[in-house]
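The values are calculated or read from the model by the stated rules, or taken from the named source; none is laboratory data. From a predicted model like this one, the values you see are computed outputs, not experimental measurements. Heads up, the Cβs are rebuilt from the backbone with ideal geometry, glycines too, and the neighbour counts pull from every protein chain shown.
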Amino acid sequence: MIGKTDTGQAMKLLIVEDEIKTGEYLKQGLSEAGYVVDLARNGMDGYHLAMTEPYDLLILDVMLPDVNGWWILKSLREAGKEAPVLFLTASDSVDDRVKGLELGADDYLVKPFAFAELLARVRTLLRRGAVPATELYLSIGDLELDLARHRVSRGGRHIRLTAKEFSLLELLVRRQGEVLPRSLIASQVWDMNFDSDTNVIDVAIRRLRGKVDDHFEPKLIQTIRGMGYMIDLPDDNT
Ligand code: CA
């Protein structure tokens, strides 16, 4: 099943990478994982292949000898090519990451990386399909989430959250106005199933409230008794 489309055909990937050893290594590994893989050694070859062949996913190195990975992505998106893009970058700088995401990249990996990590990202992107994940910010009222930098602010004040708290808040804000049962929160944020009597979720919600609601008005996180939690702007009382 892995590496196949719904119609049973192998998924087709393009790697654009000028470092010969890295390119060959990735091509071999992904081929062994069941994908059909093309490898381009410079930017223009990669660009032309991506413009003419129907790829399910592109893996673009940023630093190439001719045109860089950003140019390729920008040009493809302008031409209406929506295949998901995973960037390979030598730099861990936030600017690079934000630039890639703003141009419409779906994910990125910093070199050096483990092949298993790359394969996991590839599988996730292919599962997600061609839905572009170009969203960079989420908000409700004056609460804002910067998804690329994992930063949260309310009323312009920076709020420090743990990774789990951020995931929890992101889930609530993405589905604002919707009551989320504890079981759903558990599976989405903790990736596991909790017994219904556990209070892990409640404790996490209480901590999150302490940070994003306690010193602010209006209160956004709502407890829906017997059902779960919801984030929403309160009804207008006028
Ligand atoms: Ca390179």
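Residue-level check: of (1) of a type in the set (S, T, N, Q); (2) at pLDDT below 95; (3) within 15 Å of the ligand (Cβ to nearest atom), residue 93 misses just (3).
Considering only residues in the stretch 26-36 that are surrounded by 15 or more Cβ atoms within 10 Å (Cβ to Cβ) and not small (Gly, Ala, Ser), the one that is nearest to the ligand (Cβ to nearest atom) turns out to be 26. One residue alone among 56, 38 is closer than 29 Å to residue 147 by Cα, among the acidic types (Asp, Glu) and in contact with a Lys or Arg (Cβ under 8 Å, 6 or more places away or on another chain), and that residue is 56. Within the stretch 34-63, residues that are modelled with pLDDT of 95 or more reach partners that are of a type in the set (S, T, N, Q) with beta carbons closer than 6 Å, at six or more positions or on different chains, in the pairs 37/31.
Considering the stretch 132-164 alone, what residues qualify as being of a type in the set (D, E, K, R), over 22 Å from residue 97 (Cα atoms) and touching a residue at least 12 places away in the same chain (Cβ under 8 Å)? Once the filter is applied, which keeps residues that are of a type in the set (D, E, K, R), over 22 Å from residue 97 (Cα atoms) and touching a residue at least 12 places away in the same chain (Cβ under 8 Å), the stretch 132-164 yields 142, 154.
Rundown of residues vs (1) in a helix (DSSP H, G or I); (2) surrounded by fewer than 14 Cβ atoms within 10 Å (Cβ to Cβ), yes/no style:
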residue	(1), (2)
96	yes, no
104	no, no
116	yes, yes
123	yes, no
167	yes, no
173	yes, no
176	no, no
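Say whether the condition of being farther than 19 Å from residue 82 by Cα, buried (at least 16 other Cβ atoms within 10 Å of the Cβ), small (Gly, Ala, Ser) and within 12 Å of the ligand (Cβ to nearest atom) is met by at least one residue in the stretch 15-24. Looking for residues that are farther than 19 Å from residue 82 by Cα, buried (at least 16 other Cβ atoms within 10 Å of the Cβ), small (Gly, Ala, Ser) and within 12 Å of the ligand (Cβ to nearest atom), one finds at least one in the stretch 15-24, hence yes. Once the stretch 37-59 is narrowed to residues that are part of a strand (DSSP E or B) and in contact with an Asp or Glu (Cβ under 9 Å, 6 or more places away or on another chain), the residue that is surrounded by the fewest Cβ atoms within 10 Å (Cβ to Cβ) is 38.
Residues that are closer than 16 Å to residue 125 by Cβ and part of a helix (DSSP H, G or I) were ranked within the stretch 60-83; the one that is farthest from the ligand (Cβ to nearest atom) is 77.
Of all residues assigned to the stretch 121-131, none qualifies as being more than 30 Å from residue 54 (Cβ to Cβ), at pLDDT 85 or above and among the charged types (D, E, K, R). Residue pairs whose Cβ atoms lie under 6 Å apart, separated by 6 or more positions or on different chains, with the first residue in the stretch 200-228 and at positive phi and the second surrounded by 12 or more Cβ atoms within 10 Å (Cβ to Cβ), are 228/179; 228/180; 228/181; 228/182. With respect to the numbered conditions (1) touching a Ser or Thr at 6+ places or on another chain (Cβ under 9 Å); (2) part of a strand (DSSP E or B), which one is the sole condition not fulfilled by residue 86? The single condition residue 86 does not satisfy is (1). Of all the criteria given as (1) more than 24 Å from residue 115 (Cα to Cα); (2) within 14 Å of the ligand (Cβ to nearest atom), the one not satisfied by residue 51 is (2).
In summary, residue 144 fulfils each of the numbered conditions (1) within 16 Å of the ligand (Cβ to nearest atom); (2) in a strand (DSSP E or B) with the single exception of condition (1).
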